[in-house]
Amino acid sequence: MVKVEIVDEKEHNSPYASDSDARTASTDSISSVESDISADESFFDRVSALVDIVPPTTRHKISNRVSSTASFFKKTGKVVGNLVWVVTTSALLVGLPMALILEDEAKIVQQEQEMQEQQAGAQQMMAPSAMYSPPPGSGQGKPLVPPGF
C-alpha cells in the first residue's frame, strides 16, 4: 500500500525546493510500502489485484481468444476421439474375425499339404518293387535266349 499525504503548498514554495526533503520523503514511502505488505497475501491475491492495470477492452480480447482456443481444442479433441472410437470398433468387429478366419484357412491348407505328403510317402512305402521293376512292354521280362534255340 502507498500512503498518500497532503502537503500544504504554503509551506513550500516549490515541491522541488530542496533535495534533502525529496530523499527523505522517497525513503519514507519505500519503507512504508515494504512494511505494509502482508505475509498472509498469496500469489493469487497479488495477481488478481493486477487486473485493474489491464484495460477492459484488452481483457475482453484476451478472454475471447482464450475461450475460442479452448473451444477449438475441445472440439478437435472430441472429433479425434470419435474417429479413434470408430477405427477401433471397426477393427475389432471386422478385422479380428477376418484375421481369425484367414488363420484357420491357412491351418487347413497346411493340414491338406501334410496329408498329401503322408499319402505320397505311404504309396512309396507300399510299392517298393514297382520302383525297381522295369516298366511293362520294355522287353526285359523275356528270357535272353534267341528264338531259334
Requested in this report: Could you check how many residues of the stretch 38-89 are surrounded by 10 or more Cβ atoms within 10 Å (Cβ to Cβ) and not in a helix (DSSP H, G or I)?
Outcome: 2
Query raised in the report: Do we find that Ser26 is at pLDDT below 90 and surrounded by 10 or more Cβ atoms within 10 Å (Cβ to Cβ) in this structure?
Result: yes
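The values are calculated or read from the model by the stated rules, or taken from the named source; none is laboratory data. Note that the structure is predicted; figures quoted are calculated from it, not measured. We place every Cβ from the backbone using ideal geometry, glycine too, and count neighbours over all the protein chains shown.
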